[in-house]
Structure formats: structure tokens, C-alpha cells
Amino acid sequence: MTQARLAALCYARVPVADAAAAAQFAEATLGLQRAGDVAGEIRWRSGPPAWSLALTAEAQQGLGLEVADEAALAAIAAALPREGFICSWADRELCEQRGVAQALLVRDASGNALELVLRPRLLASRFFPPHDSGITGLHSIGLRSMDVARDTRLWTSLLGARVAGRVGDITYLAFDDAHHRIALYPSDRAGLLYIGFGVADFDYLMQHNYRLEAQQTRIVHGPGLEAVSGSSFLRFAGPGALAWSFVHPAAPAAPRAPRQFALAAEAFCAWGSICTELPELNPHHAKRQTP
């Protein structure tokens, strides 16, 4: 078995066209705490880390992942080129901007930008949201993948994640106690599909549902129950070419073999919610990649 090399999901970087509107969304809708502006990015906190979301004018989306230690990062850096993946070390200035000791910049098989970081900074002061959002931190990321099989090999064989379950070819990947942190969705393009923030209990999820309706924010999927993980979710529109979501994760379960669900509506949402706007989240349009 490949040794676990990833420790935590750290941050997401999202390009936005209207920084002021995106900042209003992050504060009023997501309930995040502003963490300052760094190198033209607006940073936001959702827990102990110094930041977990950056709204940026750069064109490239990005995803930050904490690596367990120096040895794990060195092993990954050595293995990536042998498997045909492009990677490079971040310079000192970029590491300082990210607030990390080291960073290895990687492209997956689809071209998604991953930043494998060492010792991301934490803040001793507690996370203080602008309203009672119930946010517990960055929970999970949905990634569009043009080659799920090869991207899965990157995450499992090189990064040490494990397959937690599948819906059709959609692949859920875990590396800590959560059911999954990353989900790979077959697509004809790369990029972030959704960013999910955890909430403390189901009541918060429903409070957000009604708050979003009152704000006239467009809900694109849910409230729903993810069959593969048992987590409840609410996905909605916002800045960037992706969906945003609140997640109330199911309680950690005993380890078990990954389950395979059919590509059917009830697997996407056991309660019957249908996503009509994002084909990767719609059972009638989701792309199949199995030969």
C-alpha cells in the first residue's frame, strides 16, 4: 500500500472578474473572515489556517495541499517526472506569499494546478466569521478531469490518497478521517467544479439554504444527500466558473472497501435533487470514461 503523504486540504485559488463583488460574496454569503490582501489576492479564513480561499485576478485556478513532511515531499518530487507529470519548485518569494515553508507546483493529467506545500502557517487567533455561519473549514473540492484514470493514479500512487468510492467513473479520494477530500468528475475540460466548506451541523445547512433564497442566490444542487459519503450538501452559484457549497459531513465510519455506485440520479442525491446547470453533476449528462 502506498504510504499516506497528504496531511490536509489547505486552500483554493479562484480567478474572479469583479473583486469587489466576489469579496462581498465571500463575506456575506459564505461567511468567511477576511485575512488581508497579498500580492493582489484577497485572502479569506475558514478555520485555524492563515487562509483557505484566495480570490485572484490571475487566470489559473489552483489547489493547495499540505504534505506530511519533508521526506514525503522529496519522494513526490522525485517520482512525478518519472511518471510524466510536470512539476517545479516554487521560489522563496512565492512560498512567502503562500505562507508555507516549501511548495512543489504540479500539473495533473488534465492540467489542473496543484500546489503541494510544507508547513502552512496557522494563526493562534480563532476564526471569527462575520455572522453565525457554522463554518468549520475547507471541506472538499470537486475537480473536473479529462483523464480520470491517470489523474487517479497521480493521487493514489504518487500522492498517497486512497479511493473512497465511485459513482460511475466519478472517483472520490481520501487522505484523512473524512470520507473524501477530492472528487474527480469526468469532463471535457479541466478546472474546479465546486468548493465545499464544512458546517457544524445540519441546522446550519438549512439556515444557509433559506439565507441564500432570501439573498436571491441561485441554488444549483440540493439540499441533497450524497449517497457515496452520506454527507448532506447545498451547492449554489457564485463568482468564478464553478459552484460553491456547504457540506455537513457524515460521522466518520469504520474503514471499508470503496463502494461502486451506478451512474444514476439517486447516487448523485439520495433525496432526489437534480442539478440542471452543471453536466458533471447531472446523471443524464455526466461523461463516462470507462473504455
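The values are calculated or read from the model by the stated rules, or taken from the named source; none is laboratory data. Predicted model, so just to flag it, every value in this text is computed and none were measured. Positions of Cβ are backbone-derived with ideal geometry, glycine not excepted, and every protein chain shown enters the neighbour counts.
Please determine whether any residue of segment 148-164 is part of a loop (DSSP other than H, G, I, E, B), under 25 Å from residue 264 (Cα atoms) and either out of contact with any Asp or Glu (no Cβ under 9 Å at 6 or more places or on another chain) or among the small types (Gly, Ala, Ser) (or both).
Within segment 148-164, the subset part of a loop (DSSP other than H, G, I, E, B) is 159-161.
Retained after the next criterion (residues that are under 25 Å from residue 264 (Cα atoms)): none.
No, because not a single residue in segment 148-164 is part of a loop (DSSP other than H, G, I, E, B), under 25 Å from residue 264 (Cα atoms) and either out of contact with any Asp or Glu (no Cβ under 9 Å at 6 or more places or on another chain) or among the small types (Gly, Ala, Ser) (or both).
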Checklist entry - Take the residues of segment 128-173 that are of a type in the set (Asp, Glu) and over 25 Å from residue 79 (Cα atoms): which is surrounded by the most Cβ atoms within 10 Å (Cβ to Cβ)? => result 169
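One line per residue, one yes/no per condition, for (1) among the hydrophobic types (A, V, I, L, M, F, W, C); (2) over 27 Å from residue 87 (Cβ atoms); (3) outside any strand (DSSP E or B):
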position	(1), (2), (3)
27	no, yes, yes
36	no, yes, no
43	no, no, no
47	no, yes, yes
51	yes, no, yes
58	no, no, yes
63	yes, no, no
Next on the checklist: One residue is enough: does segment 204-227 have a residue meeting the conditions assigned to a helix (DSSP H, G or I), closer than 24 Å to residue 13 by Cβ and not aliphatic (A, V, I, L, M)?
Outcome noted: yes
Checklist outcome for this item: Of 171, 152, 136, 156, the only residue that is of a type in the set (Val, Ile, Thr) and more than 21 Å from residue 228 (Cα to Cα) is 136
Checklist entry - When only residues in segment 232-268 that are in a loop (DSSP other than H, G, I, E, B) and closer than 18 Å to residue 143 by Cα count, which is farthest from the chain's Cα centre (by Cα)? => result 263
Checklist entry - Does residue 78 count as modelled with pLDDT under 95, among the hydrophobic types (A, V, I, L, M, F, W, C) and surrounded by fewer than 18 Cβ atoms within 10 Å (Cβ to Cβ)? => result no
Next on the checklist: Please go through segment 191-219 and give me each residue that is under 12 Å from residue 142 (Cβ atoms) and among the small types (Gly, Ala, Ser), ordered by number.
Outcome noted: 191, 196
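Which residues, counting only those in segment 122-149, are among the basic types (Lys, Arg) and more than 19 Å from the chain's Cα centre (by Cα)?
126
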